[in-house]
């Protein structure tokens, strides 16, 4: 078959991490040149399958019609099953480039951390979990990890660097996570449940955020220095900061709490309903660097990662997993994430650097 005509695929290849072709063999995705004799063609087919609404049959048919590659459905399935490590390697390389951006004033680098789940065909529960870190300075993903359903939400999974401020929801407040951030000279900014990890105030008395927050009036900010107790080490210094939501927002948050309990076939705890009226956070960022009101303003940006998940699931259709085979499903999800990172790279390059969205020097070095 004659090679496919030159097109924009060369631009995409120019944005991939250095050594991505060699990594195809090193990571076991490209063992022999059967049906496909170029790692670039293999990657193109895999990414097309990830964004295509059709299944394996439609992917191979369109690849053949476009003169990109000729292979069978079985061959594509096998390639998808063996390409997960390679796709993860490419994604990690793209993420590393995002993490090299300049830091914000005060040396702070805010990053939102969360996870989202992916279910397979006819599944009634979680099968895969995508752990995700979102750079709030550039609004791009700078790290992700794919695990099965047993991979819990742990902040210490995330690579951390000096000056990072890791924003995360209630599930992430654990002494081990805060200790890991401190060891990396990073900070945390984490939402609090009413039943949060054990803390003490400056006088050594047990500290309960909800009991302090209930005295705050709307429009005011409460702040208390605390020590987070760690059974495996010394107490960790931090602050609890809280504010009271206006009545309409509080009512909406309370309804969400009731809905969550009903979904679990449980009755909502009165303390959960009361806590829904407040935003309570724990942070290790010193007050000299970030005052209490600014901490709450910064936490508002955590919502950006929720919007990123909506884009992944609604625009890139990450939630519509078409494969029951676990290894094929893993490869499909990782291909989706690579597509998302390439789109972010295209957008960021075009907006911040080049009006045409790519570097001529890098493009010239790409083999035809």
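The values are calculated or read from the model by the stated rules, or taken from the named source; none is laboratory data. It should be emphasised that the depicted structure is a prediction, and the values quoted were computed from it without experimental measurement. Neighbour counts run over all protein chains shown; Cβ positions are idealised from the backbone, glycine included.
Sub-6 Å Cβ pairs linking a first residue in the range 265-283 that is without any contact (Cβ under 8 Å) to a residue 24 or more places away in the chain to a second residue that is part of a helix (DSSP H, G or I) and crowded, with 16+ Cβ neighbours inside 10 Å, at least 6 apart or interchain, are 268/257; 273/254; 273/257, ordered by first then second residue. For the range 95-111, the tally of residues that are in a helix (DSSP H, G or I) and either crowded, with 23+ Cβ neighbours inside 10 Å or modelled with pLDDT under 75 (or both) stands at 5. With respect to the stated conditions, residue 127 is more than 28 Å from residue 209 (Cβ to Cβ) and touching a residue at least 60 places away in the same chain (Cβ under 8 Å).
For the range 46-68, residues that are surrounded by fewer than 13 Cβ atoms within 10 Å (Cβ to Cβ) and in a helix (DSSP H, G or I) total 3.
Look through 250, 268 and report the one residue that is outside any strand (DSSP E or B), surrounded by 13 or more Cβ atoms within 10 Å (Cβ to Cβ), in contact with a strand residue (DSSP E or B) (Cβ under 9 Å, 6 or more places away or on another chain) and modelled with pLDDT under 95.
Values: 268 fails: in contact with a strand residue (DSSP E or B) (Cβ under 9 Å, 6 or more places away or on another chain).
Matching residue, one of 250, 268: 250.
Within the range 317-328, the set of residues being modelled with pLDDT of 85 or more and within 18 Å of residue 132 (Cα to Cα) comprises 317, 318.
Every residue, every condition in (1) over 26 Å from the mean Cα position of the chain (by Cα); (2) surrounded by 20 or more Cβ atoms within 10 Å (Cβ to Cβ), yes or no:
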site: 160; (1), (2): no, yes
site: 164; (1), (2): no, yes
site: 173; (1), (2): no, yes
site: 202; (1), (2): yes, no
site: 207; (1), (2): yes, yes
site: 223; (1), (2): yes, no
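Here residue 169 fits the description: in contact (Cβ under 8 Å) with a residue 24 or more places away in the chain, more than 27 Å from residue 327 (Cβ to Cβ) and assigned by TED's automatic domain parsing to the domain that holds residue 307.
Regarding the range 184-194, can at least one residue be identified that is touching a residue at least 12 places away in the same chain (Cβ under 8 Å), surrounded by 12 or more Cβ atoms within 10 Å (Cβ to Cβ), more than 27 Å from the chain's Cα centre (by Cα) and outside any loop (DSSP other than H, G, I, E, B)? Looking through the range 184-194, none of the residues is touching a residue at least 12 places away in the same chain (Cβ under 8 Å), surrounded by 12 or more Cβ atoms within 10 Å (Cβ to Cβ), more than 27 Å from the chain's Cα centre (by Cα) and outside any loop (DSSP other than H, G, I, E, B). Here residue 31 passes the criteria (1) touching a residue at least 40 places away in the same chain (Cβ under 8 Å); (2) within 27 Å of the chain's Cα centre (by Cα); (3) assigned to a loop (DSSP other than H, G, I, E, B) except the one numbered (2).
Of the residues making up the range 195-214, those that are in contact with a strand residue (DSSP E or B) (Cβ under 9 Å, 6 or more places away or on another chain) and either touching a residue at least 40 places away in the same chain (Cβ under 8 Å) or outside the structural domain of residue 286 (by TED's automatic domain parsing) (or both) are 196, 199, 209, 210, 213, 214. All conditions in (1) touching a residue at least 24 places away in the same chain (Cβ under 8 Å); (2) in contact with a helix residue (DSSP H, G or I) (Cβ under 8 Å, 6 or more places away or on another chain); (3) farther than 28 Å from residue 180 by Cα hold for residue 217, with the sole exception of (2).
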